[in-house]
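Enquirer: Let me begin by handing over the structure; questions about it come next.
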Amino acid sequence: MSGVASQVVLHPVTSQSLKLLGTTTGRDKTYRAVQYLARFLAWFLLTRGYKDQSVRWNALKSHLALGRKMMRLGKPLENLQAALRAIQSYGKGETGEQITTIARQLSYFGYLSYDTLVWANAIKFITLKPETAQKVNKTANRFWLAGILLNITHGLLKAGRLANEAKKLRSGPAWSEKDVGAEADLELKYRSLEVARAATRHQFVIDVLDVWLPATSLGLVNINEGVLGIFGLVTSIMGFRSQWIAVNGKK
């Protein structure tokens with residue numbers, strides 16, 4: 001039994017998981033996946049008439065949401081820094097991409113700043129009137145929606161640019177045997193472009209699914225909790241996978 005336990009505890013996957021969970025982003029992605037799974041299960045059980053079991057999962061969803069808000073304290077400053085860096089480098093890249101980057105970071109700064117007030121009010125650290133709390137939450141969701149829409153726009157612009165660059169590389173002049181080094185360099189650039197295109201498509205899918213979360217909260221669309229839970233779970237798993245690769249360096 002001890003041998004089996006040792007194999008599980010000391011298994012490379014266990015070590016990689018602990019390494020991932022040792023990062024704030026890794027924990028956030030994990031909590032987010034459980035949060036949206038709980039959101040789906042709460043809806044599923046409620047629609048099947050299991051109210052008591054639904055309450056349990058709904059409570060888990062709510063507490064994880066509050067915990068994630070606390071973990072994001074100070075995060076708005078990161079977005080503000082990113083916006084300022086983008087402003088300082090303005091003119092050194094594609095104008096459309098730079099503008100959407102700046103606007104997106106400012107939107108997320110606004111979203112997370114207002115979200116901090118939502119959290120502080122929820123834990124009774126500050127007391128907001130019900131109508132004020134509702135306005136703050138609505139404003140946070142507006143900034144969140146704006147940030148995702150800007151990210152989608154940014155992704156479309158970047159995808160178009162990368163596609164054009166890849167096309168130019170592939171349609172370039174044929175290389176002779178004397179230009180083996182140049183051909184290898186060309187192939188390396190093309191592979192780098194393909195990696196960037198894949199990452200852009202990956203983020204685009206996440207944004208297209210996540211955009212319905214704030215849109216529903218604002219009443220712009222009417223999507224049930226079950227579908228939103230699935231959307232959130234899928235994008236959480238996608239984000240978790242990306243973070244796993246970033247931390248452990250392997251798929």
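Read the figures in this text as sums done on the coordinates, not as results from a lab. Here the structure is a predicted model, which is why all the values come from computation and not from measurement. Cβ sites come from the backbone with ideal geometry, for glycine too, and all protein chains shown count toward neighbours.
Enquirer: Give a quick list of GluC sites (Glu not before Pro) in the range 81-169 that DSSP marks as loop, anything other than H, G, I, E or B, with at most 14 other Cβ atoms within 10 Å.
Expert: Filter output for the range 81-169: 94.
Enquirer: Using a/c under 1.5 as the rounded threshold, could you call the range 192-239 rounded, prolate or oblate? The axes a ≥ b ≥ c are square roots of the C-alpha gyration tensor eigenvalues, and prolate needs a/b larger than b/c, oblate otherwise.
Expert: In terms of gyration-tensor shape, prolate.
Enquirer: Give me the three principal axis extents of the chain from the C-alpha atoms, as integers in angstrom, largest value leading.
Expert: 74, 56, 34
Enquirer: Right, here's the next one. Give, rounded to the nearest 20 debye, the magnitude of the charge dipole that the chain has about its Cα centre when Lys and Arg contribute +1 at Cβ and Asp and Glu contribute -1 at Cβ.
Expert: That gives the chain a dipole magnitude of about 600 debye.
Enquirer: Let me ask something additional. Which trypsin sites (Lys or Arg not before Pro) in the range 108-175 pass both tests, a DSSP loop state and at most 16 other beta-carbon atoms within 10 Å?
Expert: Qualifying residues, ordered by number: 124.
Enquirer: If you look at just the Cα atoms of the range 51-137, how large are its Rg and its Dmax in Å?
Expert: My reading of the Cα-based Rg and Dmax gives 17.4, 58 Å.
Enquirer: So if I take the alpha carbon set of the range 125-172, get Rg, then get Rh from the Kirkwood formula, what is the Rg over Rh ratio?
Expert: Using only Cα positions, Rg/Rh for the range 125-172 is 1.47.
Enquirer: Quick one: net charge around residue 203, please, counting Lys, Arg +1 and Asp, Glu -1 for every other residue with C-beta under 12 Å from its C-beta.
Expert: Residues close to residue 203 contribute a combined charge of +2.
Enquirer: Which entries of 61/158; 75/189; 19/167; 51/124; 19/138; 51/138 show an alpha-carbon separation above 32 angstrom in the structure shown?
Expert: 61/158; 75/189; 19/167; 19/138
Enquirer: Grab the beta carbon distance between residue 90 and residue 34, set R0 = 51 Å, and tell me the FRET efficiency rounded to 0.05.
Expert: That pair, residue 90 with residue 34, gives E of 0.80.
Enquirer: Given a cut-off of under 8 Å on Cα pairs at least six residues apart, what relative contact order in percent is computed for the chain?
Expert: It rounds to 27 percent for the chain.
Enquirer: Now for a separate question. For the range 37-91, state which chymotrypsin sites (Phe, Trp or Tyr not before Pro) are in a DSSP loop and have at most 15 other beta carbons lying within 10 Å of their beta carbon.
Expert: Counting only loop positions with at most 15 other Cβ atoms within 10 Å, the chymotrypsin sites (Phe, Trp or Tyr not before Pro) in the range 37-91 are 50, 90.
Enquirer: Could you work out how far apart the two model spin labels at residue 129 and residue 230 are, taking each label as a point 7 Å from the Cα in the direction of the beta carbon, and quote it in nm?
Expert: The answer from the label model is 4.2 nm.
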